[in-house]
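One structure is given here, and the rest of the page talks about it.
Since every read-out is calculated from the coordinates, none of them should be taken as a lab result. Quantities reported herein were computed from a predicted structural model and do not represent experimental measurements. Counting neighbours? That spans all protein chains shown, and the Cβs are built from the backbone with ideal geometry, glycine included.
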């Protein structure tokens, strides 16, 4: 029976360090709650497809048709930008009970919403 040729790490004698790295990676991975993002995404998906959300979203955009400009970009440029997105000020993932609370919602332009969402993800 032919033998498998040695791998790159085997040729360089790195099996011990590779094994130690893998053990540390597993230890860190086991401490992370991997279900939390999945639950948050499922909740967000349910919310986006709810008729109640569509009504609340339209209400927020009617009351506040311009971007809340959380970064001051539009004011700095002297522009008024229409809001296309409705954003949860306190993230839905950590505050699901505030999903439909008008005090927790703001209208944002797509650029501000994308920036804020990216910052929340880390």
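Some observations on this one:
- Prolate/oblate/rounded call for segment 35-121, Cα gyration tensor, a/c under 1.5 rounded: oblate
- Percent RCO, i.e. relative contact order, over segment 35-121, from Cα pairs under 8 Å lying at least 6 residues apart: 32
- Calculated FRET efficiency, residue 101 to residue 75, Cβ-Cβ distance, R0 = 35 Å: about 0.85 to the nearest 0.05.
- Overall form of segment 82-122 per C-alpha gyration tensor (a/c, 1.5; a/b vs b/c): oblate
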